[in-house]
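To start, the structure under review is shown below, and the notes come after it.
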Amino acid sequence: MTNPILLPTPRHLEFQTGTYTLKPGKRIALMGAPVQELFFSGERLRRALHDHANVDWTLAATATGASDEIGATLRVDENVRRTSILSEAHERAVEGQVRRTSDEAYELAITPNAIEIVATSPRGIFYGVCTLIQLLQQTNKPTNQLPNLNIIDSPDFPHRGVMLDISRDKVPTMQTLFDLVDLLASWKVNQLQLYTEHTFAYRNHREVWENASPMTEQEILELDRFCRERFIELVPNQNSFGHMSRWFKHKRYLDLAETPDGCIAWGERRPPMSLNPGDPRSLQFVGELFDELLPNFSSTQFNAGCDETMDLGQGRSKEECERRGSGRVYLDFVLKIYDEVRKRGHTMQFWGDIIVQHPELIPELPKDAIALEWGYEADHPFDEDGAHFAAAGIPFYVCPGTSSWNTVVGRTDNAIGNLQSAAENGLKHGAIGYLNTDWGDNGHWQYLPFSYLGFGYGAALSWCLESNRDMNIARALSLYAFRDATGTLGRIAFDLGNTHKELGLELHNSTALFRILQKPLKQMPEEFYGLTPDAIKRTQRAIDRAMRPINKAKSTRADAKLIHDELASAAAILHHACQRALLAFEKKPAKARARKRELAHDLPRLIKEYHRLWHARNRPGGFKESVARFEKLRKDYE
């Protein structure tokens, strides 16, 4: 094994001379902590040894017996090099967070005679095992030899999370969630949130979720347990101020809206979005939601949302906002929500996009509320915004994203820049967390594998920026997301995410190919001014180049065929977008009619495959709304 690829790359890795040969019949000693606290990590290692090296070892609670019987030792030692495995970034973290990161630190030593993982806690042992398993995946199979080495490792950010949108419009099946959690845990992610507007099965609010296939209490309890085993904190999430449109669709809740007749947001007419902060019933309403949601989680953190309250001041609070300022009205209601959260014994997280527009109010935030500083472009001002929260002593996370939504296949270069900037500026200003978001705007058309690049690279950067900044993303993605040793699938996902750049049009939070599929034909010449047939054809060739090696892939995942089909379907959707763009710019009637016939013939095939692939990983709720965005294209082809 030369130059192994690890995700994340450890903070310090030093190769030694010699190798360790994996032989059957050894034991894995679980030491220094109650054996049940180490059993899960030990069993994970035992199975990996069987799967990747074809050797069967057993677990033991002692090292009694001949020393050569012990193949690996997992040992908790609270005194292990505590200072040597903490990075400078830890020293800038808020009080109490240094201890958290030291609990996650570990040392891994492979010598000619044995393997040893030492950490200050079972959590650190688990992370050491995750690294060792990745080394096992790259073991020289005929000789079963691991290189002698020493790893000293610990994270930059105490909280390293992923937030998955389950409200627009996909709610994953439980198996999809379990598989994703296991993958994220192997990359040392330690927090998961499920972004929720209306997709929890509140017992008194059936009409809101009955067609959405929501998460139930039983399912949250099961997922929470599954996460805890893998040292992931499942943080409850419920938007509690803005993004309430799914509720206001129903007459029962409309009277709580700031703008019952709708509002202007993002330059267009929209349905009502936010609760009326001046109505006492609004606070009573969210409090009732909290009472039912929060007890299902072991976490004492809670993301209460409060982002994008775009209609605040347009309706019932207009007079109050004009008199006191919209920032003040917003903050007052957020503080009331904070009180409700705190009364229930939780620490409140909230999105920071509104309060950062009123920096003079940031010092009035409670010092134990966590601001979530989010932005999804490579040039998002994490530096400027983070400085505001840091100066006021407000703990905060940086929250970049996978750049998968509004795209079909992602925006690779933007994701890389966005994820890097968040890590760099989060460390610069002492952020205590890094929450990597994956949204589902406008139908949630992207298949899950197109989020893996952002998930993986974000996990690596949040663990240790300096050792992962220049990692071979495509190669690591192939090995540890797609389990494809050929490197093919990671390269395809990486390259497909950059095909949109061939058009020469860079859009905010989207790609031109995606917008071409979402906009009526008649709007395209004006909206995509400057787009040329030559650029569209270059894009088609780029899609074909990216997909060409797909049959060389050798994924060992159980869902390898599904991943193959998801990549192929996404590429076909992009090609449809290109053909649609050529139609929009076609000036010859006969050619336009021919293109319409081709597109009309192609669309049902795309929709049929989209239906199959959606239901392979997701529940049926939300599909009707998502596929309707494809169905409406038919009118343009008549």
Within the stretch 418-453, restricting to residues that are farther than 29 Å from Leu613 by Cα and open to solvent by 20 Å² or more (accessible area, probe 1.4 Å), the one that is nearest to the chain's Cα centre (by Cα) is Gln420
Among Glu377, Glu373, Glu384, the single one that is of a type in the set (D, E, K, R), at pLDDT 95 or above and touching a strand residue (DSSP E or B) at 6+ places or on another chain (Cβ under 9 Å) is Glu373
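Can you report the number of residues in the stretch 612-638 which are of a type outside the set (A, V, I, L, M), assigned to a helix (DSSP H, G or I) and over 28 Å from the mean Cα position of the chain (by Cα)? Walk me through it before giving the result.
Of the residues in the stretch 612-638, the ones of a type outside the set (A, V, I, L, M) are 612, 614-615, 617-626, 629-632, 634-638.
From what is left, the residues that are assigned to a helix (DSSP H, G or I) are 612, 614-615, 617, 623-626, 629-632, 634-637.
Narrowing further to those that are over 28 Å from the mean Cα position of the chain (by Cα): 631-632, 634-637.
The qualifying residues number 6.
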Here the qualifying pairs (Cβ atoms under 9 Å; residues six or more apart or on different chains; first in the stretch 572-593 and free of Cβ contacts under 8 Å to residues at least 12 places away in the same chain; second assigned to a loop (DSSP other than H, G, I, E, B)) come out as Ala592/Glu586
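Would you call Ser299 touching a residue at least 12 places away in the same chain (Cβ under 8 Å), crowded, with 17+ Cβ neighbours inside 10 Å and closer than 19 Å to Ile355 by Cα?
Numbers: touching a residue at least 12 places away in the same chain (Cβ under 8 Å): yes; crowded, with 17+ Cβ neighbours inside 10 Å: yes; closer than 19 Å to Ile355 by Cα: no.
So Ser299 fails the test.
Quick check, is Arg269 open to solvent by 10 Å² or more (accessible area, probe 1.4 Å), outside any helix (DSSP H, G or I) and touching a strand residue (DSSP E or B) at 6+ places or on another chain (Cβ under 8 Å)? Working first, answer last.
On the way: open to solvent by 10 Å² or more (accessible area, probe 1.4 Å): yes; outside any helix (DSSP H, G or I): yes; touching a strand residue (DSSP E or B) at 6+ places or on another chain (Cβ under 8 Å): yes.
Yes.
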When Glu292 is run through (1) assigned to a helix (DSSP H, G or I); (2) in contact with a Pro (Cβ under 9 Å, 6 or more places away or on another chain); (3) touching a residue at least 60 places away in the same chain (Cβ under 8 Å), the failure sits at (2)
If we ask which residues in the stretch 581-608 are under 16 Å from Gly443 (Cβ atoms) and either within 25 Å of the chain's Cα centre (by Cα) or crowded, with 17+ Cβ neighbours inside 10 Å (or both), their number turns out to be 2
Of the residues in the stretch 178-205, those that are in a strand (DSSP E or B) and more than 15 Å from the chain's Cα centre (by Cα) come to Phe200
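Yes/no per residue for (1) open to solvent by less than 20 Å² (accessible area, probe 1.4 Å); (2) touching a helix residue (DSSP H, G or I) at 6+ places or on another chain (Cβ under 7 Å); (3) β-branched (Val, Ile, Thr):
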position: Pro158; (1), (2), (3): yes, yes, no
position: Leu164; (1), (2), (3): yes, no, no
position: Val171; (1), (2), (3): yes, no, yes
position: Trp187; (1), (2), (3): yes, yes, no
position: Asn190; (1), (2), (3): yes, no, no
position: Leu194; (1), (2), (3): yes, no, no
position: Pro214; (1), (2), (3): yes, no, no
Residue pairs qualifying under the 6 Å Cβ cut-off, at least six apart or on distinct chains, with the first in the stretch 479-508 being closer than 18 Å to Trp405 by Cα and the second being assigned to a strand (DSSP E or B) and of a type outside the set (A, V, I, L, M, F, W, C), are His500/Thr511
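Looking at this structure, is Ala61 open to solvent by 50 Å² or more (accessible area, probe 1.4 Å) and among the aliphatic types (A, V, I, L, M)?
Details: open to solvent by 50 Å² or more (accessible area, probe 1.4 Å): yes; among the aliphatic types (A, V, I, L, M): yes.
So Ala61 fits the description; yes.
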_Among the residues that make up the stretch 154-177, is at least one of them assigned to a helix (DSSP H, G or I) and of a type in the set (A, V, I, L, M, F, W, C)?_
yes
Taking first residues from the stretch 614-638 that are more than 18 Å from Phe514 (Cα to Cα) and second residues anywhere that are open to solvent by 70 Å² or more (accessible area, probe 1.4 Å) and not in a helix (DSSP H, G or I), the pairs with Cβ under 7 Å that are 6 or more apart or on different chains are Gly621/Asn211
Sole miss for Ser421 among (1) among the polar types (S, T, N, Q); (2) over 30 Å from Ser626 (Cβ atoms); (3) out of contact with any helix residue (DSSP H, G or I) (no Cβ under 7 Å at 6 or more places or on another chain) is condition (3)
Looking across the stretch 348-388 at residues that are over 23 Å from Val286 (Cβ atoms), in contact (Cβ under 8 Å) with a residue 40 or more places away in the chain and assigned to a loop (DSSP other than H, G, I, E, B), the single one that is least open to solvent (accessible area, probe 1.4 Å) is Gly375
Among (1) open to solvent by less than 10 Å² (accessible area, probe 1.4 Å); (2) within 22 Å of Ile550 (Cβ to Cβ), Ser462 falls short only on (2)
When Phe333 is run through (1) open to solvent by 30 Å² or more (accessible area, probe 1.4 Å); (2) within 25 Å of Pro260 (Cα to Cα); (3) outside any loop (DSSP other than H, G, I, E, B), the failure sits at (1)
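With Gly71, Gly32, Gly42 as the choices, which residue is open to solvent by less than 20 Å² (accessible area, probe 1.4 Å), within 16 Å of Glu116 (Cα to Cα), over 33 Å from the mean Cα position of the chain (by Cα) and not aliphatic (A, V, I, L, M)? Give the steps one after another, and end with the answer.
On the way: Gly32 fails: open to solvent by less than 20 Å² (accessible area, probe 1.4 Å); Gly42 fails: over 33 Å from the mean Cα position of the chain (by Cα).
Being open to solvent by less than 20 Å² (accessible area, probe 1.4 Å), within 16 Å of Glu116 (Cα to Cα), over 33 Å from the mean Cα position of the chain (by Cα) and not aliphatic (A, V, I, L, M) holds for just one of Gly71, Gly32, Gly42, which is Gly71.
The values are calculated or read from the model by the stated rules, or taken from the named source; none is laboratory data. Everything quoted here is computed from the prediction, not taken from an experiment. Note that each Cβ is placed from the backbone with ideal geometry, even for glycine, and that neighbours are counted across all protein chains shown. What goes into the accessible areas is simple: the full protein's heavy atoms, side chains included, and nothing from ligands, DNA or RNA. Shrake-Rupley method; radii C 1.70, N 1.55, O 1.52, S 1.80 Å.
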